[in-house]
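This report concerns only the one structure given below.
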Amino acid sequence: MKKEYAFYPGCSSQLRGSASNYLTSVNSMCQTLEVKMTPIPDWNCCGASIGYAGSGELARHVMNARNFALSEKHLPGQDVVATCAACWLGAKETKQKLDASRALMEDTNEALKEAGLRYEAKTEVRHMVEVLIEDIGYEEIRKHVVKPLEGIKFAGYVGCQTNRPFGIAGESFENPMYLDKLVETVGGEALVKYEQKVACCGGALAFSEPDKSQKQIKEIVEAAYDQGADMIVTPCPLCQANVEIYQAEINRKQGTKLDMPVMYYSQLLAVAYGAAPKQAGLDGHVIQPKKLQDIAVKVVPARK
Amino acid sequence: MSAYQGDFLKEVEARVEEGEWVKMCMQCGVCAGSCPFGPHWEHSPQKIFMMIRAGKREEVLTSDAMWMCTSCYNCVVRCPRKLPITQIMHGLATYAHRLGLAPKMQPTRRFSVTFWSNLTRTGRVNELKLVLQVYFRNGFAAGLKEFWNMRRVGLRLLAAKRMNPFELVFPHRCKDAKGIQRMLAKACEIENRKRGFSQ
Ligand code: SF4
Ligand code: SF4
């Protein structure tokens, strides 16, 4: 039976947004796994934590609550699923806060009324990775593999916001294993000794503090080289963008030769499930994931 | 401010997001070693919390330390007292900005304000406009220079279909952008009332 969710794609995953290829690969992956993701009608930005100086506290919660309310209204009974780590974290924070405080809930609904909405506190908020691991399970994920990602070494870069402060149930903050397990489930080699697994890429400060962030990014990429990685894989669109895009800048400034592809877990699954390069969003990279492309263009072997 | 009679801790508790947690800090120092940009800060969260209790109002609110927080949540998962350190840091930064005490040229402060006004206009972030607003924040000539420095990045993103020039003219927007703006104005009004801010 199809599993159904209220999809919250977030700003970076919109058509032609900086993570639009993430969205493409998620759609492809979900099709194979028979997961139906219906975008929340007229969803708005989560208010991303970096807007804090302008937003204050209540406005941020109200932004998230509007999405919850829309989801309850149009897609009742479905969990809200975010693909962006920052959206997920922001939404989850709001949900926790509202659940814990009646006063905050009343204030939020007073503001929501201005947009003709009401939040009933029924919504659950989940990350796409939770759907994969908890609702679908590694066994089922494995079953659909037609092209195991043999011979590709992946440095699993979990980063911050899918890991802290909430994280994925049953995983540790210092060494979460789910990303490595996903890699292995689709036949790739997970470099479990990768040191920068939970390091911070600088997040939104990649913009405002480029030098400090690029120092972080350089370490994240170099540690992947140290392990002999072919590519980095991550669950976070901000990590993906920062770590991939700034390598050229670091090279220009420091004379390094960084050229490490950075992929989403969903692209790995999509390719393993037989998606063409475009369907897996492989055309959306500034550093080409050569080895993954090679597998993606191979003709799918007939299933036994 | 007079309502707090020089008691900065009380002021923080009343007016800063999660400020009531500050007194729970036991000065263990765990958070101080957790920040990715740690070496670049003048004041770690631990120091900031100590300074608040010591009443160093001016020093805290003019510090640029809070603006160096990347929201990595390293500190939060390690703090033995479970302080929501990330939110307190953001809250202090926001409060300092509101009072006009935050360092004017602090790049993250400017980014943060630009980001919020960008997203509230349509309900969604317009990445391209955001980038341009950031580059051209110091005027046209400086903007062109930064833009030129980053041109390769921009062109590659364009080629990879991860940036859309039409966003400038036909941006993604929420259908009910008006409703969102009304709702945010209301939220602002409620927060100001509850925290005792004048406007
Ligand atoms: S880790 Fe927590 S208790 Fe320790 S100094 Fe930092 S805020 Fe205070
Ligand atoms: S969340 Fe902010 S304060 Fe906490 S460790 Fe990260 S940068 Fe430091």
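Here are the numbers:
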{"item": "Residue among B:71, B:9, B:83 farthest towards the positive dipole end of the stretch B:2-99, charges placed on Cβ", "result": "B:83"}
{"item": "Residue A:290-residue B:53 pseudo-label distance in nm [points 7 Å out on the Cα-to-Cβ vector]", "result": "5.7 nm"}
{"item": "Degrees between helix A:58-74 axis and first principal axis of chain A (Cα, 0 to 90, nearest 10)", "result": "90 degrees"}
{"item": "Residue A:233 long-range amide H proximity, modeled H, under 5 Å", "result": "A:155, A:156, A:157, A:263"}
{"item": "Rounded tilt (10° steps) of A:210-226 against the dominant C-alpha axis of chain A", "result": "50 degrees"}
{"item": "Karplus (6.51, -1.76, 1.60) ³J(HN,Hα), θ = phi - 60°, over the stretch A:168-177, in Hz, Gly and Pro reported as x", "result": "9, 3, x, 9, 8, 6, 7, 8, x, 10"}
{"item": "Calculated FRET value between residue A:143 and residue A:122, using beta carbons and R₀ = 25 Å, to 0.05", "result": "0.20"}
{"item": "Built amide H within the under 5 Å cut-off of residue A:126, gap 5+", "result": "A:80, A:81, A:82"}
{"item": "Theoretical gain in end-to-end length, residue A:113 to residue A:74 [0.36 nm per residue, Cα-Cα removed]", "result": "12.4 nm"}
{"item": "Long pairs among A:212/A:257; A:3/B:178; A:181/A:278; A:197/A:278; A:197/B:175; A:147/A:253, criterion Cα-Cα beyond 31 Å", "result": "A:3/B:178; A:197/B:175; A:147/A:253"}
{"item": "Rounded to 5, percent antiparallel among DSSP beta bridges of the protein assembly as shown", "result": "0 percent"}
{"item": "The stretch A:146-296: antiparallel DSSP beta bridges as a percent of all, rounded to 5", "result": "0 percent"}
{"item": "Net charge contributed by nearby residues that have their C-beta within less than 14 Å of residue A:42 (K/R +1, D/E -1)", "result": "+4"}
{"item": "Table column - 3J(HN,Hα) (Hz), the stretch A:276-290, Karplus curve with 6.51, -1.76, 1.60, x for Gly and Pro", "result": "5, x, 5, 5, 8, x, 6, 7, x, 10, 8, 10, 6, x, 3"}
{"item": "Magnitude of the charge dipole, the protein assembly as shown, Cβ model with Lys/Arg +1 and Asp/Glu -1, debye to 20", "result": "1020 debye"}
{"item": "Amide H within-cut-off set for residue B:124, under 5 Å, with H built and near neighbours excluded", "result": "A:45, B:174"}
{"item": "Descending Cα extents along the principal axes, the stretch B:2-99, whole Å", "result": "36, 24, 19"}
{"item": "Cα Rg over Rh - the protein assembly as shown, Kirkwood", "result": "0.96"}
{"item": "Per-residue ³J(HN,Hα) for the stretch B:56-71, Karplus 6.51 cos²θ - 1.76 cosθ + 1.60, θ = phi - 60°, Hz, x for Gly and Pro", "result": "7, 4, 4, 4, 5, 6, 9, 5, 9, 4, 4, 6, 8, 6, 8, 6"}
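A short reminder: the numbers here are calculations on the coordinates, not readings from a lab. These figures come from a predicted structure and were not determined experimentally. Cβ atoms come from the backbone with ideal geometry, glycine included; neighbour counts cover every protein chain shown.
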